[in-house]
Amino acid sequence: MVVIRLSRGGTKKRPFYSIVVTDSRKPRDSGHIERIGFYNPIATGGETELKLDAARLEHWIKNGAQPSPRVLHLVEMHKTIGADKGSIKKKAKTSKKASADAAELTPEAKAEENLEETIAHPESAEEALNPETEV
């Protein structure tokens, strides 16, 4: 039986999968009939995460090839997100430090924020300046 499945490549702890059409009796990473795409689960930045030749996939399914459950999931992901381009690119993630730097306010911005708060709630500002302790 002909199947469409993933063939693992890459190095230790850095997987890269080819989407291949192969005979079901062959080992996972051995020879295949045709490579119809790839899946890079650890793609970062502007790297392509998934590329799939939809025409060839359709051709093989019409001729009786059985896709694996994971390939079916990737096909669904391809259809919903990036079918118009033929590939899916991952957006660049911002690091925690970069997002913390962006969230941190400059002294001028903090002063401006305090001024806006004082204007919005003048009674709380007066209490902060003139604390009247009632004992």
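Below are the figures for this structure:
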read-out: Search result, residues across the range 19-49 that are within 22 Å of the chain's Cα centre (by Cα) and either of a type in the set (D, E) or more than 11 Å from V71 (Cβ to Cβ) (or both); value: F38, N40, P41, I42, A43, T44, G45, G46, E47, T48, E49
read-out: Conditions (1) farther than 11 Å from R5 by Cα; (2) modelled with pLDDT under 90; (3) not acidic (D, E); number of the one not met by K62; value: (2)
read-out: Lone unmet requirement of (1) of a type in the set (D, E, K, R); (2) surrounded by fewer than 16 Cβ atoms within 10 Å (Cβ to Cβ); (3) in a helix (DSSP H, G or I) for R56; value: (2)
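The values are calculated or read from the model by the stated rules, or taken from the named source; none is laboratory data. Not measured: the values here are computed from a predicted model. FYI the Cβ positions are ideal-geometry reconstructions off the backbone, even for glycines, and counts take in every protein chain you see.
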